[in-house]
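The values are calculated or read from the model by the stated rules, or taken from the named source; none is laboratory data. Please read these numbers as outputs of a predicted model, since none were measured by experiment. Glycine also receives a Cβ, built like all others from the backbone with ideal geometry; neighbour counts cover every protein chain displayed. Each accessible area value is taken on the protein alone, full model and side chains, heavy atoms only, with ligands, DNA and RNA left out. Shrake-Rupley method; radii C 1.70, N 1.55, O 1.52, S 1.80 Å.
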Amino acid sequence: MNYNADEKGYYGEFGGAFIPEMLYPNVEELRQNYLKLMYEDSFQKEFNQLLKDYVGRPSPLYFAKRLSEKHGCKIYLKREDLNHTGAHKVNNTIGQILMAQRLGKTRIIAETGAGQHGVATATVCALMGMECIVYMGEIDIARQAPNVARMKMLGAEVRPAKSGSRTLKDATNEAIRDWINNPVDTHYIIGSAIGPHPYPDMVTRFQSVISEEIKWQLKEHEGRENPDYVVACIGGGSNAAGTYYHFLDEPEVGIIAVEAAGKGVNSGESAATSALGKVGIIHGCKTMLMQTTDGQITEPYSISAGLDYPGVGPMHSHLFKSGRAEFYSATDDEAMAAGLELSQLEGIIPAIETGHAFAIFEHKKFKKDDVVVISLSGRGDKDLNTYIDYFKLA
Amino acid sequence: MSNRITTKLQEDKKLLSIYFTAGYPALNDTVQIIQDLEKNGVDMIEIGLPFSDPLADGPTIQESSTAALKNGMTTEILFNQLKNIRKTVSIPLIIMGYFNPMLQYGVEAFCKKCQEIGIDGLILPDLPLDVYQEDYEAIFKKYELINVFLITPQTSDIRIRQIDDASNGFIYMVSSASVTGSKSGFGQEQENYFERIAAMNLKNPQIVGFGIKDEETFQQATKTAKGAIIGSAFIKHLTAKGTNSVAEFVKTIR
Ligand SMILES: Cc1ncc(COP(=O)(O)O)c(C=O)c1O
């Protein structure tokens, strides 16, 4: 089975480009050029140089000794939290800003949930001297205040999305409307492996550096390139796509996805798309989607702004449907507890999104010799206020 | 294929088409609004099936859609409201909505229902040309529905020709690079665009939409095009003046 996008951007039955005609010229321009541009020598050279010197790659693959003892398997952490700006998001924004430059665009827009993608976009815009506008749901502006301040300090304009659930989905709607209104000079840097083709595939390729590094790093540690499992949290699915990419066609590698169950999968306040969703169309692609029987998109809930999204990228819908990946979901409480455990066993405070991946041990028992690589997608600095309130730390 | 849209397009006049969101201001206003629009000389109606995430729409239609959904509007309820509409209304009726609600209803079931009711066409901004042609054109044709495609000032001539070939009613000409309801008047740029399209001598007539709000913009848009569609301005009027003010609105246009 093929787990990557075909020429039209389909992963099995999922993907495609369901966009209004207003977006067609921009999306088509990108579709025709993205592969050619990103594999040009000059692009690759600049991309890799920036990942090395500016982002600080390769990010370490760290053997988590105490966590391994606790959970009875061999756990490695892929330290995307150590990237400049504190999460995996920057791998994609570096790639897309180089793409935007080559397409002659001068104005950048983005959506953000947790603010990590917004910060990573504002950062590369500062680096390249480009105008930057970030759409963010009003609710997320309130719960991710440090990232809002960072974006402003980096020179970006943060525009609140005030419609619907006032979270990531609505910020994405506003960004798409901006792109419709500014069809000539603007590039939209989507922050996850979602959206119309070619976005899911392009974002996945930029993030695939994660699994490319895991392979040679694990070889150094364990003498083999393939772990028994790779684990990642899924909002739209970009850190997961990057973590899985080079293992998709390696059947001995188990692929594990952890979604946000919010207050419980059946509580009515959840973002566990694979459990609650049906095939539908959101933000230009056909994918698993939380919706009413009437086809209205429902409002998700998660304590973590970055996972508070009613869909998943089309690659993940296909991994779920085909059975290639195992899907689990972790509640707010499980994710917070896992974040606290990681902090106290390994001295690493993760983003709450990332905490969901670490809650896998509540749901799955691994064997003693299993090598389990977890995507430590981001650090928890932005979430301190939520941690303080939740654990009554102040 | 002869349907009410093609017949209407042959009339020797500029067409005024009005969009409104079904279920707004109140859930059961739909039929009354349609009847009043016809009574006051409107040529064609786009009935908006509300969607939670209307990407191509500005704040006015977003808000009317949210309100309609809060009022309880669903695809099934809309079809029920329209079930006897052809007993009283004879102008062309088009359903305009996003693709996901139609997909969930079942594309074929949706089209079948449209034909039973006497709906003449569909406008689905996020159903792209290639997907339509590969997967759905046969179904639309079976139920004698005209599918209306959009073009914008950025659409290339080659693509406009493709869309013209695929169309069998009219082409929805989006006036400017924008979501609905956001332009204030037309300038030189629009005039050039209108003239460029007119000079292409397309097989299908064009009806201009987005940013038409009064007599002046209606006149400008229909100088070269066959007609114009008013949406946000009509909804704003309904919000301010209520559902009994349809006649008053139409008089301000022509
Ligand atoms: C640290 C971190 N991890 C994960 C995510 C979820 O996004 P994705 O599923 O695209 O990796 C986010 C999103 O904001 C994030 O900030």
Sum of side-chain charges, residue A:85 neighbourhood, beta-carbon under 11 Å (Lys, Arg +1; Asp, Glu -1): +1
Probe radius 1.4 Å, ligands and nucleic acids left out: which of B:135, A:389, A:228 has the largest accessible area, and how do the rest follow? A:389, B:135, A:228
Kindly compute the accessible surface that chains B and A hide from a 1.4 Å probe when together, both sides summed, and give it to the nearest 100 Å². 2700
Could you pull out every residue, at least 5 positions away or on a different chain, whose amide H is within less than 5 Å of the one on residue B:48? Hs are placed 1.01 Å off N in the peptide plane, and Pro or chain starts have none. B:20, B:21, B:22, B:96
Note down the net charge around residue A:11, summing +1 for each Lys or Arg and -1 for each Asp or Glu among other residues with Cβ under 10 Å from its Cβ. -1
Surface accessible to a 1.4 Å probe, per residue, for the residues of region B:4-253, Å²: 37
Accessible carbon and sulfur surface of region B:162-254 relative to its total accessible area, %, 1.4 Å: 46
Give me the residues in region B:125-151 whose solvent-accessible area, probe 1.4 Å, is reduced by at least 50 Å² once all protein chains are included instead of the chain isolated. B:126
Residues whose modelled amide H sits under 5 Å from the amide H of residue A:111, counting only those 5 or more places away in sequence or on another chain, are A:135, A:191
Expected vector for region A:337-344, Karplus 3J(HN,Hα) from phi with 6.51, -1.76, 1.60 and θ = phi - 60°, integer Hz, x for Gly and Pro, equals 5, 5, x, 5, 4, 4, 4, 8
Residues whose built amide H sits under 5 Å from the amide H of residue A:285, excluding neighbours closer than 5 in sequence, are A:18, A:195
In square angstrom, what is the accessible area per residue of chain A with a 1.4 angstrom probe? 34
For n ≥ 4 DSSP H runs only, could you compute -39500 (n - 2.57) per run for chain A, divide by its residues and tell me the 222 nm figure to the nearest 500? -12000 deg cm²/dmol
Computed ³J(HN,Hα) along region B:82-91: with the Karplus parameters 6.51/-1.76/1.60, θ = phi - 60°, integer Hz and x for glycine or proline, the list is 8, 4, 10, 4, 6, 6, 10, 10, 10, 6
What does the charge dipole of the protein assembly as shown about its Cα centre add up to, to the nearest 20 debye, if the Cβ of each Lys and Arg holds +1 and the Cβ of each Asp and Glu holds -1? 540
Mind listing, in residue-number order, the residues in region A:148-188 that have at least 30 Å² less accessible area with every protein chain present than in their own chain alone (1.4 Å probe)? A:173, A:177, A:180, A:181, A:183
Determine the sum of side-chain charges near residue B:68: Lys and Arg each +1, Asp and Glu each -1, restricted to other residues whose C-beta is under 13 angstrom from that of residue B:68. -3
Accessible surface of region A:1-73 [probe 1.4 Å, protein heavy atoms]: carbon and sulfur percent: 51
For region B:173-199, state which residues have at least 10 Å² less accessible area in the presence of all protein chains than in their chain by itself, taking the probe as 1.4 Å and leaving out ligands, DNA and RNA. B:177, B:178, B:179
For chain A, percent of DSSP beta bridges that are antiparallel (nearest 5) comes out at 30
For the protein assembly as shown, list the cysteines whose Cβ sits under 4.7 Å from no other cysteine Cβ? A:73, A:233, A:285, B:111, B:114
A correct Karplus calculation of ³J(HN,Hα) over region A:150-158, with 6.51 cos²θ - 1.76 cosθ + 1.60, θ = phi - 60°, whole Hz and x for Gly and Pro, returns 4, 4, 5, 5, 7, x, 8, 9, 9
